Amino acid sequence: MTGQYCWGVMTDTYGVLRIDFGEPHLEFRHPSARQNDPDLSAALERVYSRRFVSAVVQWRLFVWEGFWTIHAPGDMCDRTVAEAGDNTVPCLSALNGQKLASIAWDAASGEWRFSFDLGGLLAIKREPGAPDTPVDPKVDHSWSVFFEGGGNLTCVRDDWMELEPPGEAG
């Protein structure tokens, strides 16, 4: 992902951050011959009669459970802004168009740091929890990168990573 442009930076009201990376391309699903199937409901027949076009990304970063902070030149925002319902803050759009320069674990601060070429920084810190709580990799993770062809890389508690190759159910 390093060296790739980021775009589509957005968040939801739960504070989940999404950033797309790499060259997008369009994917088409054309109308299906099933649209004339007498066994289909009217609603499904309408769905099969439509063409769908969507932008597909090379990599998509989701920050699920981690506490994220974005620093852009002259601006800063964090997960609390998104959770308060303001998902249009300028620092989100300030990352759009920047190239990812590096990804590094900073043990001193306990943060993952995603640095960008125009001065942007995404810092992800593990939300505090009981240190003796067992790790459940299915639900206990800070961030994940999903790959265009399937599969993902997930950060599970600090510097522990799990790779799910394409085609494996997770």
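Quick look at the numbers
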| item | result |
| --- | --- |
| The stretch 40-108, relative contact order [Cα under 8 Å, separation at least 6], % | 19 |
| For GLY97, residues with placed amide H under 5 Å, excluding near neighbours | CYS6, TRP7 |
| Among ALA33, TRP7, LEU61 the positive-end extreme of the charge dipole of the stretch 1-74 (Cβ point charges) | ALA33 |
| Label-to-label distance, nm, for residues given as ALA101 and LEU44 (7 Å Cα→Cβ offset) | 5.3 |
| Sorted by Cβ neighbour density within 10 Å, fewest at the top, the residues LEU92, LEU153 | LEU153, LEU92 |
| ALA108-SER93 pseudo-label distance in nm [points 7 Å out on the Cα-to-Cβ vector] | 3.6 |
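Readers should treat all values here as calculations from the given coordinates under stated rules, not as data from a laboratory. Please read all numbers here as calculations on a predicted model, not as lab measurements. Every residue, glycine among them, receives a Cβ derived from its backbone with ideal geometry; neighbour counts consider all protein chains shown.
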